[in-house]
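The values are calculated or read from the model by the stated rules, or taken from the named source; none is laboratory data. This structure is a prediction, so every number in the text was calculated from the model and none was measured. Here the Cβ positions follow ideal geometry from the backbone for every residue, glycine too, while neighbour counts run over all protein chains shown. Accessible surface is based on the protein model in full, side chains and every heavy atom, while ligands, DNA and RNA are left aside. Shrake-Rupley method; radii C 1.70, N 1.55, O 1.52, S 1.80 Å.
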Amino acid sequence: MNAALLSSKKMDYCTPQAFFDELNREFHFTLDAAATDKSAKCPAYFTPETDGLKSPWNVAGGGGPVFCNPPYGREVGKWVRKAYEEAQSGTTVVLLIPARTDTTYFHDYIYGKAEIRFIRGRLRFTDEEGNAYAPAPFPSMVVIYNGTKEESA
């Protein structure tokens, strides 16, 4: 697998179902904020056409917890910022993203502001039919915003 493809805007690198199921048992997601019609993990979801970056997540998901495995290109920081902002309005948001602790978005919107769970090993993302790709060429992390507003210092 070409590592550049996995970090592109392609939307057909899907969260492994068993990995999602484990998170869903804990959070009971109501919205998949970055999906396609074939890859959506929740009944309510945003596609590239309905654009989760421009839509309110708390309304679309009925106010319940939101799952987001965004496209992994240069736009991932926009998704992290959106997740942080949605959490400020009381929405619980769980992100599955590359573990890139050297990025501006990590320091501005994650570190000290969310729970971070680093994933041991490398995930094997799937295509929209559930077929596994080779292990990802990067580590992953789950970022959890618990839906409580951050207090100003």
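Tell me, how many Å apart are the Cα centres for region 121-141 and for region 34-55?
Each part's Cα centre sits 20 Å from the other's.
Could you work out the longest stretch of the chain that avoids the GluC sites (Glu not before Pro) located in DSSP loops with at most 16 other Cβ atoms within 10 Å?
76-127
On the full set of protein chains, 1.4 Å probe, figure out the accessible area of H28 and give it in Å² to the nearest 10.
120 Å²
Given DSSP loops and a limit of at most 10 other Cβ atoms within 10 Å, what is the longest stretch of the chain that contains no such trypsin sites (Lys or Arg not before Pro)? Walk me through the numbers before you get to the answer.
Working: sites that count: K54, R74, R120, K149.
In the chain, the maximal stretch lacking such sites is 1-53.
Report the residues of region 23-63 in range of a label on N146: point 7 Å along Cα→C-beta, backbone N strictly under 15 Å from it.
27
How large is ³J(HN,Hα) for each residue in region 108-114, as worked out from phi by the Karplus curve 6.51 cos²θ - 1.76 cosθ + 1.60 (θ = phi - 60°), to whole Hz, x for Gly and Pro?
Computed from phi, the couplings for region 108-114 are 7, 10, 10, 4, x, 10, 8 Hz.
Would you compute, from DSSP H runs of 4+ residues alone, the mean residue ellipticity of the chain at 222 nm, taking -39500 (n - 2.57) per run and dividing by the full residue count, rounded to the nearest 500?
Helix-only estimate at 222 nm: -6500 deg cm²/dmol.
For semi-axes √(5λ) of the Cα gyration tensor in Å, the listed values are [x] 22, 18, 14; [y] 33, 15, 12; [z] 36, 15, 13; which was obtained by calculation from the structure presented?
Correct label is [x].
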